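The values are calculated or read from the model by the stated rules, or taken from the named source; none is laboratory data. Since the model is a prediction, treat every value here as computed from it, not as a measurement. For neighbour counting, all protein chains shown are included, and Cβ atoms are generated from backbone atoms with ideal geometry for every residue, glycine included.
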Amino acid sequence: MNEMLSLTPAGMGILRLAIIIPELRLADPTFNSQVMASALASAAGRGCRLALFPELSLTGYSCADLFYQATLHEQALVALDTVAAATAAHDIAAVVGLPLVVGGRLYNCAAFLAGGQLLGLVPKSYLPTTNEFYEARWFTPASNAAPASNAAPASNAGPDTVTIHGRPIPFGADLLFAAQNLPDAVVGIEICEDLWAVNPPSGDLALAGATLLLNPSASNELLGKVGYRRDLVRQQSARCLAAYLYAGSGPNESTTDLVWAGHGLIVENGEILAETERFRFDTQIIVSDVDVQRLVHERLRNSTFAASRPGRAHRTIPFTLPGETRASQPTPLLRPQLSRTPFVPSDPTRRAEHCREIFNIQATALARRLRHTGRGKVTLGLSGGLDSTLALLVIVHAYDRLGLPRADILAITMPGFGTTARTQDNATRLAHELGISLRTIPITAAVRQHFQDIGHDENVHDVTYENAQARERTQILMDVANQVGGFNVGTGDLSELALGWCTYNADQMSMYHVNAGVPKTLVRYLVAWAAEAAFSGETTRILQDICATPISPELLPLASDGVLAQKTEESIGPYELHDFFLYYVVRFQFAPRKIFALAQQAFAGEYTPAGILHWLAIFYQRFFSQQFKRSAMPDGPKVGSVALSPRGDWRMPSDASSAPWLAEVAALQQQLAQEA
């Protein structure tokens, strides 16, 4: 792996963040600020540029009536200066909590610190009033919403600024902190109970532009609460299409009546990236990289988000995000392990659930089409390969659900110049085991006649040689469908559509395409799952052998010993790489440099950087040049977040230029060569 081209936050929209649950002495801001300053040094040493501490972290949350004490207020401000100085010394921004007297009222505040300066103070909007959390006894809530232009201000609305050490500091729940040196990194803050509200402030903050939502909290522990809290953070992160950082007070708080555990979470668009170990008395730091660029792309493609507007106006505080030098250095990505197969869940239980759901979506789609057409018969080309096998299993399931006889499924094997005995035998045996109708129609004689008609030399194994076979098979399938009063079901897959690895008006075309939304890396898992979960005995053994068969269109003549001479992945590249590229190109619209960096991490040790770039260039060249095939693709069900239907998912001109993307790949290849 070439370190110079490994993933770096700079230019990639990546931001390294920390949750810090510090060791705490209740009502001792001096001690607490020293611990926090030391923790910031540790977090900065791990490459972090922003850290979040719990609610009222400078004093502790459970000070109760000590919050009335002027000494505590004074010491908290002194401690705030200590932590502010640490942000400059260690080149890291921080959000810390403290009680603050403003205009004769006491507020529960979060302070945003960067470069040694206090940049803004956000007061808590919703104060719990339960017996164990009667915050309204001590604190005043922030204004819950900005008043309309013709309405009177809320009676508890605080001032817009407060003066601290002679400087006016922005104050209010309407503050956003926008990094000037990392586009789209905008911080919004809500505090603890705010998240539990019917309409959390974070919703408005996200709609106003916040991609990073920070919650300094002090949620205590009760039986079952940790799961609810985790789900609440995940759901709010997903709803807001944002990263959500949650830092809960630790077990050093008072246990007079309650217990705190130090629950910290870093979540990105509903996915937990890092989580603390609870009930630890020592300082805990968790670190993760958040992909801000990915969040922005999610918002761009989400019409509901784009159509929504915040319910109040917000003020934006510009700041320079610390750690610029650290961020420009090559560094491994700190996130959950990057999957080589983003379309396939790594957890076996979740993968099985995933496969069952997709299988049901496909079968339901076909059953609906059968009900609509009123035709009880279908044809499909059964090759003994993965794609046609999956299509057949889906058809069988649809027929069983509708109570239709399997004998009305007409599979046709069409051996040609490159058909192997293995695939032909598996197709025949599978049809027999499933109880469907089977016809074998060799195509060699018809194709040879066609070669004579058009004047093509059979010994020239070019694209004409291959495509003539594919079109002959499609002609047979559609004509037989007409003959039996049914329709033809396609057997290709999403990966083949992306790469254009299909013959126009041949296997590219059908009357319904059940596999259109399933990528190649997932097809094998679906067939393997069906072998174990839906079938048994000889059928299972046949399906397992099909899963072990090399991927090939079987269009070129066999070797002299009958061995397969044509393997797809040797021609166009590994499907696991192409599916990886497809996922990040279509799902997140990432640039080639970022996809390359991610692929380096995911496939380290398996593919060289040069090899990845080679296949990435092939992907872009084929993805652009083959759009015309997708523009004319038949109906078929969408099963995941990536789909290429020209009607609903991927609208792209067939004559669009791939030059800018290929130029970026070429620049990466040149950089790689210079460093070799």
Q) Which residues, taken from the range 176-198, are surrounded by fewer than 20 Cβ atoms within 10 Å (Cβ to Cβ), closer than 19 Å to Asn108 by Cβ and not small (Gly, Ala, Ser)? A) Trp196
(Q) Tell me whether the range 397-406 contains one or more residues that are of a type in the set (Lys, Arg), surrounded by fewer than 19 Cβ atoms within 10 Å (Cβ to Cβ), closer than 24 Å to Met509 by Cβ and modelled with pLDDT of 95 or more. (A) no
(Q) Just to verify a result, which residue in the range 452-506, among those that are within 39 Å of the chain's Cα centre (by Cα) and acidic (Asp, Glu), is modelled with the lowest pLDDT? (A) Glu466
(Q) If I ask for residues that are part of a helix (DSSP H, G or I) and within 20 Å of Leu577 (Cβ to Cβ), which ones from the range 636-666 would you list? (A) Trp661, Leu662, Glu664, Val665, Ala666
Q. Applying the selection to the range 316-357, what residues are assigned to a helix (DSSP H, G or I), among the hydroxyl-bearing types (Ser, Thr, Tyr) and at pLDDT 90 or above?
A. Thr349
(Q) If I ask for residues that are under 20 Å from Gln475 (Cα atoms) and either modelled with pLDDT under 95 or of a type in the set (Lys, Arg) (or both), which ones from the range 425-439 would you list? (A) Arg439
(Q) Within the range 183-191, does at least one residue satisfy the condition of being touching an Asp or Glu at 6+ places or on another chain (Cβ under 8 Å) and at pLDDT below 95? (A) no
Q. Out of all the residues in the range 632-641, which are closer than 21 Å to Asp507 by Cα and surrounded by 14 or more Cβ atoms within 10 Å (Cβ to Cβ)?
A. Met633, Pro634, Asp635, Gly636, Pro637, Lys638, Val639
**Q.** Count - residues of the range 612-654 that are of a type in the set (Lys, Arg) and closer than 11 Å to Leu499 by Cβ
**A.** 3
Q) Inside the range 105-120, can you point out the residues that are among the hydrophobic types (A, V, I, L, M, F, W, C) and over 15 Å from Pro201 (Cα atoms)? A) Leu106, Ala111, Phe112, Leu113, Ala114, Leu118, Leu119
Q. Just checking, how many residues over the range 339-353 are in contact (Cβ under 8 Å) with a residue 40 or more places away in the chain and closer than 14 Å to Glu532 by Cβ?
A. 2
Q: Could you tell me whether Ala431 is part of a helix (DSSP H, G or I) and closer than 22 Å to Cys502 by Cα?
A: no
Q: Please work out which residue is surrounded by the most Cβ atoms within 10 Å (Cβ to Cβ), limiting yourself to the range 253-276 and to residues that are among the polar types (S, T, N, Q) and more than 12 Å from the chain's Cα centre (by Cα).
A: Thr276
Q) How many of the residues making up the range 608-626 are closer than 17 Å to Gln508 by Cβ and surrounded by fewer than 19 Cβ atoms within 10 Å (Cβ to Cβ)? A) 2
